[in-house]
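See below for the structure under consideration.
Where a number appears in this text, it was derived from the coordinates with a stated rule and is not lab data. Because the structure is predicted, anything quoted here is derived from the model rather than measured. Heads up, the Cβs are rebuilt from the backbone with ideal geometry, glycines too, and the neighbour counts pull from every protein chain shown.
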Amino acid sequence: MFVYRTSCGETGCIDTERSDYYKNITKEWFVADSIKYRDIVDDTGFSQTLLKVSCNTFVVEDACSDDCGASYNRFMYSVGFRTSVSPYSFSVDISSGCITNWENKNQFTLKVMISNTITGASKAATYDIVTKENIEKNASIKYFEDYILDVELKGVLEITFNRISNLSNIKTVLYAKGNGIVMFIDGNGNRYMVR
C-alpha cells in the first residue's frame, strides 16, 4: 500500500510522480541533435544561416531534497544560435527542478535570451512550464499547441517583448519543441523565417 507523506518537518515532501511528469514535458523543448544549421529567409528575400553554436546538458544530482530524506536530480540544458550575417544571437536555457506539496513555481523553465551585437541590446524572457506563465513581465508569452508556418509545428512559444530600444532589435521570437528558433521579427516588422 502506497502512503503519500505530505511533510516530514519544515518543508513538504518531493512529489516524484509530478516531478517526473514535468521533467519529461520539459525535455520535449530540447532541440533535436540532428539540427546543426538551417536557412533563414527574410521578407526581402535575403538568405542567411542560423547556426547552432553550442548545446550542453548538465545533470545536478540530489539538487532537490526534503526533510523526509528524499532527493531528486535536476538537469540544465543550454543551446545557442547565431545568424551568419545579421547581428543576432540566441541562447536558450531549459531547466528542471522538483515539485513538492508546498512549491511548484519556477522549477521547470525555458528562458530565451536575444542579443544584437551591433546595438548591444539584449533581452530575456522566462516561461514557467508548469504554470504556463511568463516569470518576467517584460514580454508576453503565448503557447500554441499547433502552429503553422511552412509546416505544422507542435508546441510553439511566441515571445513578444513589450519594448525594444531600437527598431533593428528583435521584437518577437517563436521557439518550437524539438526545432528551437523557427521565426523572429524585428522592430520594423521584418520577418525572418527559419527553414
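Numbers at a glance
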{"quantity": "Hits in region 42-83 (condition: in contact (Cβ under 8 Å) with a residue 40 or more places away in the chain and of a type in the set (Ser, Thr, Tyr))", "calculated": "44, 65, 71, 72, 77, 83"}
{"quantity": "Selection from region 18-69 of residues that are over 16 Å from residue 110 (Cβ atoms), surrounded by 15 or more Cβ atoms within 10 Å (Cβ to Cβ) and basic (Lys, Arg)", "calculated": "18, 38, 52"}
{"quantity": "Entirely in region 144-189, the strands (runs of 3 or more DSSP E) that have 3 or more residues that are within 20 Å of residue 51 (Cβ to Cβ)", "calculated": "170-176, 180-186"}
{"quantity": "Of residues in region 117-143 being of a type outside the set (A, V, I, L, M, F, W, C) and part of a loop (DSSP other than H, G, I, E, B), the one nearest to the chain's Cα centre (by Cα)", "calculated": "132"}
{"quantity": "Residue 152 vs. criteria over 14 Å from residue 92 (Cα atoms), within 15 Å of the chain's Cα centre (by Cα) and of a type in the set (Asp, Glu)", "calculated": "no"}
{"quantity": "Among (1) over 20 Å from residue 182 (Cα atoms); (2) surrounded by 18 or more Cβ atoms within 10 Å (Cβ to Cβ) - the single one residue 133 does not satisfy", "calculated": "(2)"}
{"quantity": "Matching residues in region 70-100 - criterion: being under 19 Å from residue 114 (Cβ atoms), crowded, with 19+ Cβ neighbours inside 10 Å and aliphatic (A, V, I, L, M)", "calculated": "79, 92, 94"}
{"quantity": "Region 172-195, subset among the charged types (D, E, K, R) and surrounded by fewer than 20 Cβ atoms within 10 Å (Cβ to Cβ), residue nearest to residue 109 (Cα to Cα)", "calculated": "177"}
{"quantity": "Qualifying position, being out of contact with any strand residue (DSSP E or B) (no Cβ under 8 Å at 6 or more places or on another chain) and farther than 19 Å from residue 175 by Cβ, among 45, 97", "calculated": "45"}
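Table: residues versus (1) closer than 16 Å to residue 80 by Cα; (2) of a type outside the set (Gly, Ala, Ser).
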position	(1), (2)
15	no, yes
24	no, yes
27	no, yes
30	yes, yes
47	no, no
53	yes, yes
65	no, no
